[in-house]
Amino acid sequence: MTDGPNNPVDSIAIVPARGGSKGVPGKNLRPLLGHPLIAYSIAAAQNMHSVSRVIVSTDSAEIAAVSRAYGADVPFMRPAEFATDTSVDREFLIHAMTWLIEHEGHAPEYFVHLRPTTPMRDGEVLDRAVLQLMADPAATSLRSAHVAQKNPYKWFEIAETGYYTGIRPQDTRPEYYNLPRQAFPAVYDPNGYIDVVRTSQVLNHESVHGPNIAAFITDYAPEVDTEEDLELIEFLTARHGSNLLPPIKLAETAS
């Protein structure tokens, strides 16, 4: 894609997929309707017009091989110290950005971060997110979220007495936590549909997203954190279908 006749968009997609997982062992390669979970994120990125390359960042030779078979680029292996249970996104992003600068002479300004644990996506929606950030020079990043299914303004804490107490003592309405959800501001649950970050932000500051995170609201986007999540996503995908299955099958055949 280009944003002008001679001005190519400086953007790539990156799919992080470490080998270890405790909640759902081997989840990035677990089958979803006959294809590994990671194949859905690769296919979603390949369906985008706003990225010219799809990179998988992994520490696993098996994930690297599967990713290549489904059409992704794996130009490097992620160091083990950036692939632990406590590793944060900033580590694999900085590793990828600096590797590209050192080995290819350039890192794109926009990294489209697609978590493989969120397989239900649409390439057109992803493109809209990228273009939204590109059109907003004041935004330091973009994150997707959906309307929270449960409004936390209605939640409880347990006081030292052992009794429930509302989490918003500043709300002076009597028993405010019993009010209907329409009585509270809408809140949004960050999901894994898409993050878009700027290389200049990540490399020059101590935060990935920065102070001005552009809001991008999606439909409910379930993520695979437990076995039950995987079962739910498989049920939903089987019931409603997925526009990603045809390109996934084509990539599998081509490999």
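The values are calculated or read from the model by the stated rules, or taken from the named source; none is laboratory data. Model, not experiment: these values are computed from the prediction. Every residue, glycine among them, receives a Cβ derived from its backbone with ideal geometry; neighbour counts consider all protein chains shown.
Filter region 131-165 down to the residues that are under 30 Å from VAL202 (Cα atoms) and either in a loop (DSSP other than H, G, I, E, B) or aromatic (Phe, Trp, Tyr) (or both) and list them by number. Residues satisfying the conditions are ALA135, ASP136, PRO137, ALA138, ALA139, THR140, ALA148.
Counting just the residues of region 89-119 that are more than 30 Å from SER242 (Cβ to Cβ) and in a loop (DSSP other than H, G, I, E, B), which one comes out nearest to the chain's Cα centre (by Cα)? Among them, the one singled out is GLU109. Among the candidates ARG181, ARG239, the residue that is over 12 Å from ALA145 (Cα atoms), outside the structural domain of ASP171 (by TED's automatic domain parsing) and not β-branched (Val, Ile, Thr) is uniquely ARG239.
Rundown of residues vs (1) on the phi > 0 side of the Ramachandran plot; (2) crowded, with 18+ Cβ neighbours inside 10 Å; (3) among the basic types (Lys, Arg); (4) touching a strand residue (DSSP E or B) at 6+ places or on another chain (Cβ under 8 Å), yes/no style:
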residue: GLU175; (1), (2), (3), (4): yes, no, no, no
residue: ALA186; (1), (2), (3), (4): no, no, no, yes
residue: SER200; (1), (2), (3), (4): no, no, no, no
residue: PRO211; (1), (2), (3), (4): no, no, no, no
residue: TYR220; (1), (2), (3), (4): no, no, no, yes
residue: ILE233; (1), (2), (3), (4): no, yes, no, yes
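Tallying residues that are hydroxyl-bearing (Ser, Thr, Tyr) and either over 30 Å from LEU114 (Cα atoms) or without any contact (Cβ under 8 Å) to a residue 40 or more places away in the chain (or both) within region 127-172 yields 6. Taken over region 11-25, the residue count meeting the criterion of being of a type outside the set (Val, Ile, Thr) and either crowded, with 17+ Cβ neighbours inside 10 Å or modelled with pLDDT of 90 or more (or both) is 7.
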